[in-house]
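To keep things clear, I will list the structure first and then write my remarks on it.
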Amino acid sequence: MRRQSSWAPHLADGTTSPAERLAEALSNDILSGQLQVNERLPAHRDLAWRLSIGVGSVTRAYAILERRGLVRSVHGRGTFVAVGHENATTRFDLATNMPPPMFSNKALAGTLTRLAKQVDPDLFNIYPPVAGHLEHRRIMAHWLEGLGIDTRAEHLLLTSGAQQALNVAITVIRRHVHYAVVEEQTYPGMLGAIHQNQLPVHAARMDEEGLLPSALEDILQRNKHQRAVIYLTPTMHNPTTATMELQRRRDIVALCKKFDALIIEDGVYLSERDPSRPALMELAPERTFHVSSLSKILSPGLRIGALIPPADYLEACHPVLLASSLMIAPLSYAMMAQWMENGTAESVRHSLLHEAIRRQKLVLTELPQAVTPRHHAFHIWMPVSATLAPHVIQQAHALGISLPPATAFQATSAPAATGIRLALGNISFRALPEALRRIRSACMHAEEIVSRDTIPIY
């Protein structure tokens, strides 16, 4: 046991209460391994006497640690360290949004063995066409048809992931519009692409279905002499998980037609056909740039995306795609073709869909304040006030949880609703309950900090 007198320097800081300072010192020792699992902490009175603080301060400090899951109290025996150093310092990445791995070493080895026997050497010996080989575009078009996206291979461009598709779309559109409209919470990568193209940005309010038609109409009406591009994610919005119902989609499209606005539809989380929620490009193909990808619904390593522009903009996309200089790896092309032709991709898609449902249910059990998604993917939204969010993220980090900053998704400095996105796919299902318990502890501790720092006004 570490000598109790060495905690005294931590208690000399008068900016917080003795209980909070003692809890922080003990927490650091537990997380660093200086206090071992099952080690008994000093009795309340003994520690209070040694540190010259009140017994009540020790009691409150132990209670803080117990709420954070770092200690446990046993009636009649005392308070004990509840987590070991390895467990306490294991970091869980809930910031990186990706599906869990579904391809084993054996499956990948089998794929590569089959490719070695039948791969077309032209894939490696010559540059592919700018938009991808027509055969691969047909394979991708057929795949998207199964998700409710009907298009011809000739109208589809293959890209190195969805981010390249978004960059190409906004670069082409930049010549035809004056400003962009995004949801008040939105994908940071697209915000960066819009800023890089020096387009002014207007953030529109959202509700549980996503972009509010009334908010969009207000923006378009105020700028009716200028043309806009609207970027939105109608299905499984990132980060809020909002999904638009049919009427909302129709209302958005009607406004875009009325004001002649273009649309960039981010469809990377579209993982199943749903006739009741058609893609916006099905409702307005003449003005919608649809973006899709295999990374979010099959494998992060398969960085193949697709861009389906309106027919009038198809030719303009080719030179922009060429200038971006991000060619898809030939091996990725070959693996995509094999997996889609032999049924592997469809099997993995179904497995990931069921795994997403399983993980979402677990999160909603452990964190009932999280939003119940209307679609299935590997992220979930936990509403948290703008005041509380940074404290939750800070406390989660101390407990070994990586979370994205709440501000990363904000297109406006003061969104109507704030929260924290939890990415569920980058850790194992077995580890997820422990990660969620730490999130819950972080929320409780953050609420204590905010409550302590709030000065009541009468």
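The values are calculated or read from the model by the stated rules, or taken from the named source; none is laboratory data. Note that the structure is a prediction, hence the values are computed from the model and not measured. No Cβ is skipped: glycine too gets one built from the backbone with ideal geometry, and neighbour counts run over all protein chains shown. Side chains are part of the model used for accessible areas, which takes the heavy atoms of the whole protein and leaves out ligands, DNA and RNA. Shrake-Rupley method; radii C 1.70, N 1.55, O 1.52, S 1.80 Å.
Okay, residues lined up against (1) within 24 Å of the chain's Cα centre (by Cα); (2) surrounded by 17 or more Cβ atoms within 10 Å (Cβ to Cβ):
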| residue | (1), (2) |
| --- | --- |
| Gly189 | yes, no |
| Pro200 | no, no |
| Glu208 | yes, no |
| Leu211 | yes, yes |
| Leu220 | no, yes |
Selection status of Ser428, modelled with pLDDT under 95, surrounded by 17 or more Cβ atoms within 10 Å (Cβ to Cβ), hydroxyl-bearing (Ser, Thr, Tyr) and within 28 Å of Gly33 (Cβ to Cβ): no
What number of residues within segment 246-266 satisfy the criterion of being open to solvent by 10 Å² or more (accessible area, probe 1.4 Å) and either touching a Cys at 6+ places or on another chain (Cβ under 7 Å) or assigned to a loop (DSSP other than H, G, I, E, B) (or both)? 2
Residues being at pLDDT below 70, charged (D, E, K, R) and either under 17 Å from Gly400 (Cα atoms) or surrounded by 12 or more Cβ atoms within 10 Å (Cβ to Cβ) (or both) - total across segment 80-128: 1
Please work out which residue is modelled with the lowest pLDDT, limiting yourself to segment 49-62 and to residues that are more than 16 Å from Leu26 (Cα to Cα) and in a loop (DSSP other than H, G, I, E, B). Ser52
Residues to consider are Pro368, Pro390; find the one that is open to solvent by 10 Å² or more (accessible area, probe 1.4 Å), without any contact (Cβ under 8 Å) to a residue 60 or more places away in the chain and either closer than 30 Å to His142 by Cβ or part of a helix (DSSP H, G or I) (or both). Pro390
So for segment 152-168 (the condition being out of contact with any helix residue (DSSP H, G or I) (no Cβ under 6 Å at 6 or more places or on another chain), farther than 30 Å from Tyr127 by Cα and assigned to a loop (DSSP other than H, G, I, E, B)), does at least one residue qualify? no
If Ile230 satisfies every condition in (1) within 30 Å of His350 (Cβ to Cβ); (2) under 25 Å from the mean Cα position of the chain (by Cα) but one, which is the exception? (1)
For segment 63-72, state whether one or more residues are within 30 Å of Pro405 (Cα to Cα), of a type outside the set (Val, Ile, Thr) and modelled with pLDDT of 85 or more. yes
Name the residues in segment 299-335 that are more than 28 Å from the chain's Cα centre (by Cα) and among the aromatic types (Phe, Trp, Tyr), would you? Tyr313
Taking the stated definitions as given, is His176 assigned to a loop (DSSP other than H, G, I, E, B), of a type outside the set (Gly, Ala, Ser), at pLDDT 95 or above and surrounded by fewer than 16 Cβ atoms within 10 Å (Cβ to Cβ)? yes
How many residues of segment 302-354 are open to solvent by 60 Å² or more (accessible area, probe 1.4 Å) and part of a loop (DSSP other than H, G, I, E, B)? The answer is 5
Identity of the residue in segment 399-423, touching a Lys or Arg at 6+ places or on another chain (Cβ under 9 Å) and among the small types (Gly, Ala, Ser), that ends up surrounded by the fewest Cβ atoms within 10 Å (Cβ to Cβ): Ala416
What number of residues within segment 332-391 satisfy the criterion of being farther than 22 Å from Arg437 by Cα and of a type in the set (Ser, Thr, Tyr)? 5
Residue pairs, Cβ under 7 Å, 6 or more apart or interchain, first in segment 191-215 and outside any strand (DSSP E or B) and among the basic types (Lys, Arg), second open to solvent by 60 Å² or more (accessible area, probe 1.4 Å) and at pLDDT below 95. List them. Arg205/Ala416
Would you check if there is a residue in segment 375-386 being modelled with pLDDT under 95, within 21 Å of Asp207 (Cβ to Cβ), assigned to a helix (DSSP H, G or I) and touching a helix residue (DSSP H, G or I) at 6+ places or on another chain (Cβ under 6 Å)? no
